[in-house]
1. Testing Pro88 on (1) out of contact with any Phe, Trp or Tyr (no Cβ under 9 Å at 6 or more places or on another chain); (2) part of a loop (DSSP other than H, G, I, E, B), one condition comes back false. Which one is that?
2. So which pairs qualify, if the first residue must be in the stretch 70-87 and over 9 Å from Asn36 (Cα atoms), the second must be assigned to a helix (DSSP H, G or I) and at pLDDT below 95, the Cβ gap must be under 8 Å, and the two must be at least 6 apart or on different chains?
3. Across the stretch 58-72, which residue is farthest from Ala43 (Cα to Cα) among those that are out of contact with any Gly (no Cβ under 6 Å at 6 or more places or on another chain) and β-branched (Val, Ile, Thr)?
4. Under 9 Å by Cβ, and 6 or more places apart or on different chains, what pairs join a residue from the stretch 32-56 that is touching a residue at least 24 places away in the same chain (Cβ under 8 Å) with one that is of a type in the set (S, T, N, Q)?
5. Out of the residues in the stretch 18-55 meeting the condition of being in contact with a Pro (Cβ under 8 Å, 6 or more places away or on another chain), modelled with pLDDT under 95 and assigned to a helix (DSSP H, G or I), tell me which one is surrounded by the most Cβ atoms within 10 Å (Cβ to Cβ).
6. Considering the stretch 56-73 alone, what residues qualify as being in a helix (DSSP H, G or I) and surrounded by 13 or more Cβ atoms within 10 Å (Cβ to Cβ)?
Amino acid sequence: MAQTKPTTPIKTTAPARPQNRETNTTPMAFVFDKSNYRMLIIAIAVVILGFVLMSGTTDIYSTTKIVIAPVVVLGGFAIGFFAILKKPSTKS
């Protein structure tokens, strides 16, 4: 079999692209603000306080253990939920 030459030249490499890429100079923005983290820490502390109120072996049916402590724990979870959903303040 005889090989024939192509009539037009074949390009085997891509042409070099100019290196004039513009860099993105916008500052990186975090998802949470300082106030969000502060509220999350407060929420964790409130949940821990609720579990401390629930602890103990004496007087299982006390009002503190069956009413107040679960409300405190749920309040801590609510604060944490709010801290996650709160939009950070935009500073111009």
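1. That leaves (1) as the condition not met.
2. That search, which allows pairs on different chains as well, returns Pro70/Met54; Val72/Leu53; Val73/Met54.
3. This residue is Thr58.
4. Every condition considered, the pairs that remain are Asp33/Ser89; Ser35/Ser89.
5. Per the stated criteria, the residue is Asn36.
6. Result: Lys65, Ile68, Ala69, Pro70, Val72, Val73.
The values are calculated or read from the model by the stated rules, or taken from the named source; none is laboratory data. Predicted model, so just to flag it, every value in this text is computed and none were measured. FYI the Cβ positions are ideal-geometry reconstructions off the backbone, even for glycines, and counts take in every protein chain you see.
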